[in-house]
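What follows draws every value from the coordinates through simple rules; no lab data is involved. The structure presented is a predicted model; accordingly, all values stated were derived computationally and were not measured. Cβ sites come from the backbone with ideal geometry, for glycine too, and all protein chains shown count toward neighbours.
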Amino acid sequence: MSTDTTQETAIALPEGVSVKLEGRTLSIKGKLGEAKKRFDKVNVNLSVQGNKVTLSPFSAKKKDNVIINTVASIVNNMVTGVTKGFTYKLKVVYAHFPITVKVKGDQVLVENFVGERSPRISQIVGGCKVSVEGDDVIVKGVSLEDVGQTAANVELATKIRRKDQRVFLDGVYIYHKEEGQ
């Protein structure tokens with residue numbers, strides 16, 4: 001008992017956003033920059049007609065139909081990123097030793113973490129901009145994946161090991177996520 005219900009989704013792009021498809025790589029440009037994503041490993045046909053991105057599955061299999069919504073969500077996040085951008089805010093928390101956070105090139109250095117002499121280092125992914133304002137670390141960018149991974153890298157760099165986490169609450173923690181810069 002099989003029903004042939006292939007789902008096709010069209011995503012209309014807002015004014016001032018351009019799209020380009022080269023092979024399986026989708027590039028979307030807007031006022032804040034450009035977002036690129038490769039869809040090599042996804043069973044979805046991508047096509048661009050004017051100011052629309054059309055998605056259709058490879059076959060009528062349920063697994064191929066289900067992935068359409070995921071790809072549509074990724075494309076919508078790319079459009080949101082190039083028009084509004086994404087911002088993650090992290091809070092520097094310490095009780096025992098004062099933590100210093102610095103940005104150096106494509107790395108974020110967390111110094112004096114729990115009294116350690118060498119800094120803890122985390123990578124900045126993609127074209128994200130990281131700034132430190134007092135006790136806040138602000139990560140901004142056009143790609144939701146890059147902004148989220150950069151914030152996670154900073155949070156993971158200050159993970160406490162071999163100590164009671166209820167007592168040692170020192171670290172850098174994500175406390176706010178928003179669209180718009």
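A Gaussian network model of the chain, with springs between Cα atoms under 10 Å, assigns the largest mean-square fluctuation among Ala60, Ala72, Ala35 to Ala60. With a Förster radius of 22 Å, plug the Cβ-Cβ distance of Lys20 and Ser56 into 1/(1 + (r/R0)^6) and report the FRET value to the nearest 0.05. The calculated FRET efficiency here is 0.70. In terms of other Cβ atoms within 10 Å, Glu116, Glu145 run from fewest to most in the order Glu116, Glu145. Cross-link partners for Lys36 among the lysines, with Cα-Cα distance under 20 Å and sequence neighbours closer than 8 places in the same chain left out: Lys20, Lys52, Lys84, Lys129, Lys140.
With the simple model of a label 7 Å out from the Cα in the direction of the Cβ, Phe168 to Leu32 spans 3.6 nm. Its relative contact order, with pairs defined as Cα atoms under 8 Å and 6+ residues apart, puts segment 34-155 at 22 percent. With the simple model of a label 7 Å out from the Cα in the direction of the Cβ, Asn43 to Lys102 spans 5.2 nm.
Applied to segment 147-160, the Karplus parametrisation 6.51 cos²θ - 1.76 cosθ + 1.60 on θ = phi - 60° returns per-residue 3J(HN,Hα) values of 5, x, 5, 4, 5, 5, 4, 5, 5, 5, 5, 9, 6, 7 Hz, with x for Gly and Pro. Spatially, segment 113-175 and segment 47-65 are offset by 37 Å when compared through their Cα centroids.
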